[in-house]
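> Quick one: the structure is below, and I'll ask about it shortly.
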Amino acid sequence: MEFQPIIDDIAASLAAERGAGRVATYIPALARVDPAQFGIALCTGDGQVFAAGDADVPFSIQSISKLFSLALAMRHVGDALWQRIGREPSGNPFNSLVQLEWEQGVPRNPFINAGAIAVADRLVSACPDARATLLAMVGSLCGEAVAFDEEVAASEAATGFRNIALANFMRSFGKIDNAVDAVLDLYFHQCSLAMSCVQLARATAFLCRDGAHPLDGSTVVSERQARRLNALMLTCGTYDAAGEFAFRIGLPCKSGVGGGIVAVVPDRLSLCVWSPGLDDTGNSLLGMKALEMFAARTGLSVF
């Protein structure tokens with residue numbers, strides 16, 4: 001299949017709509033991002049990369065980072081990870097405290113904020129320097145150095161009152177083992193990772209290769225764990241719109257409020273789209289349109 005003409009056409013078709021949606025404003029560093037940007041890139045299972053638009057512009061990946069931290073935790077902790085984290089869609093906002101109280105500090109899934117904070121706690125326990133370990137893993141996956149955006153991390157820490165509340169709430173139920181400040185430092189930094197569409201398409205390619213590293217073929221996660229990561233992306237990866245994504249796109253996806261969305265076609269390719277303007281569910285407005293167009297024009301789906 002010729003992918004370059006397809007993504008070129010998608011980028012051209014959406015050009016007139018650049019700037020649609022609303023950028024995230026509750027994180028001050030994200031509020032200043034130019035909304036009239038759009039990038040798309042894909043990486044095939046054999047390493048070919050195709051890109052269009054602003055695909056080389058780094059952006060704050062935000063909740064897409066939860067995919068990498070979860071993969072790292074699955075590798076270090078194994079099935080014991082699920083003793084404190086569920087695997088069901090939440091049906092509530094990604095930063096809700098309500099469900100967490102009802103379920104006694106056990107997050108519904110690893111992609112809502114409480115779940116990702118619980119994953120961060122496991123990583124702080126398992127890794128002597130969890131920030132460095134995560135950074136090295138992501139850099140290895142995309143084949144080049146990546147970095148935390150310290151301004152974004154500081155902005156998250158200064159305004160993340162609800163995340164601070166979530167972490168302390170879980171600690172009160174005995175579901176967080178480490179100092180809350182240390183856990184949140186990792187969480188805020190992972191969300192601040194700055195990457196481009198091309199880098200993210202490469203870095204997530206292990207999910208279309210049964211867990212094999214996209215560059216050297218080594219094992220990132222097991223085949224079984226890769227299937228589970230894809231399943232969680234499909235059911236829980238796009239906030240309260242997971243059902244809509246499955247209905248309209250039919251691919252495992254993980255989004256972030258920085259405007260990025262990654263998608264996986266198992267055994268074929270990984271894909272990243274980015275447009276900072278968000279819809280009412282916190283997902284990229286043009287990103288979702290682009291993925292829907294891609295699925296329609298290629299016929300690729302997990303169904």
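The values are calculated or read from the model by the stated rules, or taken from the named source; none is laboratory data. Everything numeric in this text was worked out from a predicted model, so none of it was measured. All Cβ positions, glycine included, derive from the backbone under ideal geometry; neighbour counts span all protein chains shown.
> Please enumerate the residues belonging to the range 117-155 that are closer than 25 Å to ILE85 by Cβ and part of a strand (DSSP E or B).
Scanning the range 117-155 gives a single hit, PHE148.
> Moving on. Could you check THR204 against (1) over 13 Å from the mean Cα position of the chain (by Cα); (2) on the phi < 0 side of the Ramachandran plot; (3) modelled with pLDDT of 95 or more; (4) not hydrophobic (A, V, I, L, M, F, W, C) and say which number it fails?
Of the numbered conditions (1) over 13 Å from the mean Cα position of the chain (by Cα); (2) on the phi < 0 side of the Ramachandran plot; (3) modelled with pLDDT of 95 or more; (4) not hydrophobic (A, V, I, L, M, F, W, C), the odd one out for THR204 is (1).
> In addition: Return the pair list, or none, for Cβ contacts closer than 9 Å from residues in the range 6-17 that are under 10 Å from VAL273 (Cβ atoms) to residues that are in a helix (DSSP H, G or I) and of a type in the set (D, E, K, R), at least 6 apart or on different chains.
As it stands, the answer is ILE10/LYS289; ILE10/ARG297; LEU14/LYS289, since those pairs meet every condition given.
> Related question: Any idea how many residues of the range 214-241 are among the small types (Gly, Ala, Ser) and buried (at least 23 other Cβ atoms within 10 Å of the Cβ)? First the steps, then the outcome.
First, the residues of the range 214-241 that are among the small types (Gly, Ala, Ser): 217-218, 222, 226, 231, 237, 241.
Subsequent filtering for residues that are buried (at least 23 other Cβ atoms within 10 Å of the Cβ) retains 226, 237.
Number satisfying all stated conditions: 2.
> Still on this structure: Looking at the structure I just gave you, is GLY211 at positive phi, surrounded by fewer than 24 Cβ atoms within 10 Å (Cβ to Cβ) and touching a residue at least 12 places away in the same chain (Cβ under 8 Å)? Show your work before the answer.
Working: at positive phi: yes; surrounded by fewer than 24 Cβ atoms within 10 Å (Cβ to Cβ): yes; touching a residue at least 12 places away in the same chain (Cβ under 8 Å): yes.
So GLY211 passes the test.
> Condition test on LEU186, is it over 18 Å from ARG131 (Cα atoms) and either within 20 Å of the chain's Cα centre (by Cα) or buried (at least 21 other Cβ atoms within 10 Å of the Cβ) (or both)? Explain how you work it out, then say what you get.
Numbers: over 18 Å from ARG131 (Cα atoms): no; either within 20 Å of the chain's Cα centre (by Cα) or buried (at least 21 other Cβ atoms within 10 Å of the Cβ) (or both): yes.
No.
> Given (1) touching a residue at least 60 places away in the same chain (Cβ under 8 Å); (2) more than 14 Å from LEU42 (Cα to Cα), identify the lone condition not met by MET288.
Among (1) touching a residue at least 60 places away in the same chain (Cβ under 8 Å); (2) more than 14 Å from LEU42 (Cα to Cα), the lone unmet condition for MET288 is (1).
> Here is a follow-up. If you check ARG131 against the conditions, is it of a type outside the set (A, V, I, L, M, F, W, C), in contact (Cβ under 8 Å) with a residue 24 or more places away in the chain and within 14 Å of VAL183 (Cβ to Cβ)?
Numbers: of a type outside the set (A, V, I, L, M, F, W, C): yes; in contact (Cβ under 8 Å) with a residue 24 or more places away in the chain: yes; within 14 Å of VAL183 (Cβ to Cβ): yes.
So ARG131 fits the description; yes.
> For VAL262, indicate whether it is surrounded by 24 or more Cβ atoms within 10 Å (Cβ to Cβ) and more than 28 Å from ARG122 (Cα to Cα). Walk me through how you get there before you give the answer.
Numbers: surrounded by 24 or more Cβ atoms within 10 Å (Cβ to Cβ): yes; more than 28 Å from ARG122 (Cα to Cα): no.
So VAL262 fails the test.
> It is to be established whether one or more residues within the range 78-88 are at positive phi and either more than 19 Å from the chain's Cα centre (by Cα) or in a helix (DSSP H, G or I) (or both). Explain how you work it out, then say what you get.
First pass over the range 78-88, keeping only residues at positive phi: 78.
Those still in the list that are either more than 19 Å from the chain's Cα centre (by Cα) or in a helix (DSSP H, G or I) (or both) too: 78.
For the range 78-88, residues at positive phi and either more than 19 Å from the chain's Cα centre (by Cα) or in a helix (DSSP H, G or I) (or both): present.
> Among the listed residues ARG75, ARG22, which satisfies the condition of being of a type in the set (D, E, K, R) and buried (at least 16 other Cβ atoms within 10 Å of the Cβ)? Walk me through how you get there before you give the answer.
Numbers: ARG22 fails: buried (at least 16 other Cβ atoms within 10 Å of the Cβ).
Being of a type in the set (D, E, K, R) and buried (at least 16 other Cβ atoms within 10 Å of the Cβ) holds for just one of ARG75, ARG22, which is ARG75.
> Next question. Suppose we keep only residues that are modelled with pLDDT under 95 and closer than 19 Å to ASP34 by Cα within the range 276-291. Which one would you say is surrounded by the most Cβ atoms within 10 Å (Cβ to Cβ)?
Narrowing the range 276-291 to residues modelled with pLDDT under 95: 280-282.
Add one more test, that the residue is closer than 19 Å to ASP34 by Cα, and what stays is 280, 282.
On the way: ASP280: 10, GLY282: 21.
Checking each candidate, the answer is GLY282.
> If the Cβ limit is 8 Å and pairs must be 6+ apart or interchain, which residue in the range 42-54 that is under 14 Å from PHE294 (Cβ atoms) and in contact (Cβ under 8 Å) with a residue 40 or more places away in the chain pairs with which residue that is part of a loop (DSSP other than H, G, I, E, B) and not polar (S, T, N, Q)?
Listed by first residue and then by second, the contacts come to CYS43/PRO214; THR44/ARG268; GLY53/PHE38.
> Please find, within the range 10-32, the residue that is farthest from GLY256 (Cα to Cα) out of those that are modelled with pLDDT under 95 and touching a strand residue (DSSP E or B) at 6+ places or on another chain (Cβ under 9 Å). First the steps, then the outcome.
Residues of the range 10-32 that are modelled with pLDDT under 95, as a first pass: 24-32.
Retained after the next criterion (residues that are touching a strand residue (DSSP E or B) at 6+ places or on another chain (Cβ under 9 Å)): 24, 27, 29-30.
Working: ALA24: 10, ILE27: 13, ALA29: 15, LEU30: 12 Å.
The extreme case among them is ALA29.
> Here are ALA147, ALA80, ALA157, ALA126: which of them is surrounded by fewer than 19 Cβ atoms within 10 Å (Cβ to Cβ) and without any contact (Cβ under 8 Å) to a residue 24 or more places away in the chain?
Working: ALA147 fails: without any contact (Cβ under 8 Å) to a residue 24 or more places away in the chain; ALA157 fails: without any contact (Cβ under 8 Å) to a residue 24 or more places away in the chain; ALA126 fails: without any contact (Cβ under 8 Å) to a residue 24 or more places away in the chain.
After applying the criteria, what remains is ALA80.
> Only one of these is closer than 14 Å to ILE117 by Cα and in a helix (DSSP H, G or I): ALA182, ALA241, ALA201, ALA158. Name it. Can you show your working first?
Working: ALA241 fails: closer than 14 Å to ILE117 by Cα; ALA201 fails: closer than 14 Å to ILE117 by Cα; ALA158 fails: closer than 14 Å to ILE117 by Cα.
Checking each option against the conditions leaves just ALA182.
> Continuing with this model, one more query. Being free of Cβ contacts under 8 Å to residues at least 24 places away in the same chain, assigned to a helix (DSSP H, G or I) and either out of contact with any Gly (no Cβ under 8 Å at 6 or more places or on another chain) or buried (at least 24 other Cβ atoms within 10 Å of the Cβ) (or both) is true for just one of PHE247, PHE294. Which residue is that? Please lay out each step first, then the result.
Working: PHE294 fails: free of Cβ contacts under 8 Å to residues at least 24 places away in the same chain.
Within the list PHE247, PHE294, the selection yields PHE247.
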